[in-house]
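J.: One structure, as structure tokens, below. Some questions next.
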Amino acid sequence: MKIKTIKIKNFRSYKTEVEIKFGDLTAFVGKNDIGKSTVLEALDIFFNDGKGVIKLDKDDVNKQALTTGDTETIISVCFEDVPTKIVIDSTNQTTLQDEFLLNSNNQLEIIKKYSNGGKESVFVKANHPTNSICKDLLQKKNTELQKIIKDNTIICSNQTINAVMRSAIWRHFGSNLQLSEIEINVTKGDTKSIWDKLQTYLPLYSLFQSDRKNSDGDDEIQDPLKEAVKQILNDATLKSKFDEIATEVKSKLQDVVTRTLTKIQEMNPEIASSLNPVIPATDSLKWVDVFKSVSITGDEDIPINKRGSGVKRLILLNFFRAEAERRKTTENIPSIIYAIEEPETSQHTEHQKKLIKAFLDLSKTVNTQVIITTHSPALVKALEFQHLRLVKNNSTTKTIENVLPNSLPYPSLNEVNYLAFSEITEEYHNELYGFIELEGEITNFRIGRTTMSYNKLKRDGVTIVVENIILTDYIRHQIHHPENINNVRYTFEQLSESINLMRTFIQSLAPTSLRH
């Protein structure tokens, strides 16, 4: 399964519900402390139930909502690519469609509600029968379903399997199911078993934080292989084998000790009686010490913790990826989501380009999604419009928007910065002007616009010719000819006005000019 959308309400800076669309690769851009990481951390709470990187507590409730008495945080996720077959009771296969557990968009929508940062209640929002006889069948026991079948003379092929009986009842009432989107509590009563089964189909979610420790004292920095040894030795099968080895070694040591003491007894009973063998208990043995010399070193055997911060973080990042993939395989999890905050941290521009290419390739593999936050121009320029999400904030609401081909028909860092941060720059002005020129529309752009006087300096550097030109050309000339100081410098407000005029004009050319 893959995330289609997530909704967040009353969680940290997100007071009112915000809905976010996801793709195979989703990149969040926006100002610092605006809520990019909050989305990734909300997903960690949703998927890992406080056993991942993030622990939910009462301080995560939005402060404004708290003043009104609203203490309920809601995180809901819609999944697409749902499994074709599932098992939700016993071993009988069924489908989410047949159990009416999909919403009106044919997606699995799971809602988690947390009261004042506490334990969650889990609901499935589904287009479900509400007919008085047909509703709540998922909560009913085998005998209750049999009674409905008997009372309504319903044909059913097997009254020992709940899924078969539910299907027979719903089929019997056919056109009178009264389908409606409702929230089904799957952590209450008999429905808890349904949630236990549904969880096995959820993706593995693994979060790599931007402020992850990156110091010499960090165990993973000392060497990822040492961390890997700890995790490998935690395997139950390996533990059992080690216990067998330890028991056999202990038995043979005991035999050696017994025979030795017997021989001492023959020669000096007094000394023999004062000696006692000391053999450590098998459960006290530290097998990890056997592998303490494992390491990854570079040129001239320089250890990882003595390398530069960029190299250390790059190794950590890829250890994180490898470990997440190992967990997916060993735990037989059907899909995986990599969430990585600011992967560009401490990385050279060339490394950033390689990283984003690796993420793009990774996102194209089966049952895999990649989510990142970034401030990197290099990363943004390597992405497509459909990958980007702008996190914006005004005085009352927070929004997360898809980035569409707005003015320029390609991912432009200048345009992303303009949309995300309202950043007004000469570079963006140049880019817009250049696009209009390239499209052969600059003459049409000038038609009907107010002109102003511009003192043009001729090539001799002395002669001045007065021209009447529009504001956009006035700014363009000053940007490209700073040596001409015979004009009043344009203002920030004029630069902003000119950018808006060009954006509006380019948008009026769509769809013929906005082509890829």
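The values are calculated or read from the model by the stated rules, or taken from the named source; none is laboratory data. Being a predicted model, the structure only gives us computed values, none of them experimental. FYI the Cβ positions are ideal-geometry reconstructions off the backbone, even for glycines, and counts take in every protein chain you see.
J.: Tally time: how many residues in the range 169-181 are surrounded by 18 or more Cβ atoms within 10 Å (Cβ to Cβ) and in a loop (DSSP other than H, G, I, E, B)?
T.: Summing the residues that are surrounded by 18 or more Cβ atoms within 10 Å (Cβ to Cβ) and in a loop (DSSP other than H, G, I, E, B) in the range 169-181 gives 1.
J.: With respect to the numbered conditions (1) loosely packed, with under 13 Cβ neighbours inside 10 Å; (2) within 29 Å of residue 9 (Cα to Cα); (3) of a type in the set (S, T, N, Q), which one is the sole condition not fulfilled by residue 193?
T.: (1)
J.: Suppose we filter 422, 407, 363 for residues that are touching a strand residue (DSSP E or B) at 6+ places or on another chain (Cβ under 7 Å) and of a type outside the set (Lys, Arg); which single one remains?
T.: Of the residues listed, the single one that is touching a strand residue (DSSP E or B) at 6+ places or on another chain (Cβ under 7 Å) and of a type outside the set (Lys, Arg) is 363.
J.: Taking the range 439-448 as the region of interest, how many residues are in a loop (DSSP other than H, G, I, E, B) and in contact (Cβ under 8 Å) with a residue 40 or more places away in the chain?
T.: Within the range 439-448, residues that are in a loop (DSSP other than H, G, I, E, B) and in contact (Cβ under 8 Å) with a residue 40 or more places away in the chain number 2.
J.: Continuing with the same structure: Sort out for me the helices (runs of 4 or more DSSP H) sitting completely within the range 215-291 that have 3 or more residues that are under 47 Å from the mean Cα position of the chain (by Cα) and modelled with pLDDT of 70 or more. Give the steps one after another, and end with the answer.
T.: Working: elements: 219-222, 224-233, 236-267, 269-273.
In the range 215-291, 236-267 are the helices (runs of 4 or more DSSP H) which contain 3 or more residues that are under 47 Å from the mean Cα position of the chain (by Cα) and modelled with pLDDT of 70 or more.
J.: What number of residues within the range 334-353 are surrounded by 17 or more Cβ atoms within 10 Å (Cβ to Cβ) and farther than 18 Å from residue 318 by Cβ?
T.: Of the residues in that region, 1 qualify.
J.: Report, by residue number, each residue of the range 169-188 that is out of contact with any helix residue (DSSP H, G or I) (no Cβ under 9 Å at 6 or more places or on another chain) and over 18 Å from residue 88 (Cα atoms).
T.: 171, 173, 174, 175, 176, 178, 179, 180, 181, 182
J.: Name every residue in the range 147-167 that is more than 40 Å from the chain's Cα centre (by Cα) and surrounded by 13 or more Cβ atoms within 10 Å (Cβ to Cβ), in order of residue number.
T.: 148, 149, 154, 156, 159
J.: Taking the condition of being over 25 Å from residue 122 (Cβ atoms), in contact with a helix residue (DSSP H, G or I) (Cβ under 8 Å, 6 or more places away or on another chain) and assigned to a helix (DSSP H, G or I), how many residues in the range 143-168 meet it?
T.: Summing the residues that are over 25 Å from residue 122 (Cβ atoms), in contact with a helix residue (DSSP H, G or I) (Cβ under 8 Å, 6 or more places away or on another chain) and assigned to a helix (DSSP H, G or I) in the range 143-168 gives 4.
J.: Can you tell me how many residues in the range 59-71 are loosely packed, with under 14 Cβ neighbours inside 10 Å and under 23 Å from the mean Cα position of the chain (by Cα)? Quick ask: steps written out before the conclusion?
T.: If we filter the range 59-71 for residues that are loosely packed, with under 14 Cβ neighbours inside 10 Å, which is where we start, we get 59, 63-64, 67-69.
The next check asks that each one be under 23 Å from the mean Cα position of the chain (by Cα); those that pass are 59.
Residues meeting the conditions: 1.
J.: Given (1) surrounded by 22 or more Cβ atoms within 10 Å (Cβ to Cβ); (2) part of a helix (DSSP H, G or I); (3) in contact with a Ser or Thr (Cβ under 9 Å, 6 or more places away or on another chain), identify the lone condition not met by residue 56.
T.: Failing condition for residue 56: (2).
To keep it simple, each residue is scored yes or no on (1) under 30 Å from residue 3 (Cα atoms); (2) modelled with pLDDT under 95; (3) outside the structural domain of residue 48 (by TED's automatic domain parsing); (4) basic (Lys, Arg).
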site: 141; (1), (2), (3), (4): no, yes, no, yes
site: 149; (1), (2), (3), (4): no, no, no, no
site: 159; (1), (2), (3), (4): no, yes, no, no
site: 162; (1), (2), (3), (4): yes, yes, no, no
